[in-house]
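Worksheet for the structure shown next.
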Amino acid sequence: MSPAKELYNRKLILEELLRAYCQLALLKRQGHVIVYPSSLQERLDKESRGFAKHRDLIMEVIPAIDLRGNKCVRLYQGDYGQETVFSEDPISMALHWEELGGNLLHLVDLDGAATGKPQHIPIIREITRRTKMRIEVGGGIRDPETIDTLLQIGVQRVILGTTAVSNRDLVTEIVIKYKEAVVIGVDAKDGFVATRGWREQSLLAATDFVSDMAALGARRFIYTDISRDGTLTEPNFEATAELVRKTNLPIIASGGVSSIDHLRKLSKIGVEGAIVGKALYTEDIDLRDAIRAMRGK
């Protein structure tokens, strides 16, 4: 069996094991006395290790579009006061990334992150309608109703950030209901999680947060080092590698990616994907070349 096929099979098994695990977690939080079967935990650990062993083979390069005021922008280190507008037409930008080979688009509603409710639903709907890319959306997603709206207009994944920190009971219910459609955003500065559009700093260490969310049944994480985001420096390789080692679950890296060499290094670390934003707009990275490099061509 090829490594890629083995990875796919392990992924399916891991999903089923995680589904069983998070269902038991919900029952426990509801007050039921639950004893986790040792066989379930052993199998989960085994399949997670197998998944981690080969996941670098399919690292995905993910173009990003940050929406603010109906425009495509980039912030410097998450600072709303340091904004650069790269396009007045986010829909055309999405079509451009698709033309260059993008298969998954990372959309962030910055206004939604700041206000607590998505502000760009019409634009997101039009992007899902006009492109064939898979779409993941973050920013202001804090209740099931918003998730339902986004999934109904064609979004494949929703990213929880602030809600994951502030309402863990709700996160457990959301993870069980929406399964693979949920991604937990780990937005960290100096090792600690930030919330509400990166404007508020918590006392929660990123590594502890990931462990807590994994225990609740979360299946995928996006790790962003805020101090690197929009800087064109380099990713926080050390912190990213630590999360990969500790979770054995899919990690998508974000923040500071500015060269194909950075992508190669992240691939070796074992992340599932890497989000590239500013470097695409400044042409430090050519999306088509980056995708080819990850495919070994």
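None of the figures in this text is laboratory data; all of them are computed from the coordinates on show. Just so it is clear, the structure is predicted and the values come from calculations on it, not from any experiment. When we count neighbours, we look across all protein chains shown, and the Cβ atoms used for this are built from the backbone with ideal geometry, even at glycine.
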Just to be sure I understand the model, the point goes 7 Å from the Cα along the line to the Cβ. What's the resulting Asp261 to Gln77 distance in nm? 2.4
Ascending count of other beta-carbon atoms within 10 Å, so fewest first, for Tyr76, Tyr223: Tyr76, Tyr223
DSSP loop GluC sites (Glu not before Pro) in the stretch 66-164 with at most 11 other Cβ atoms within 10 Å of their Cβ, which ones? Glu88
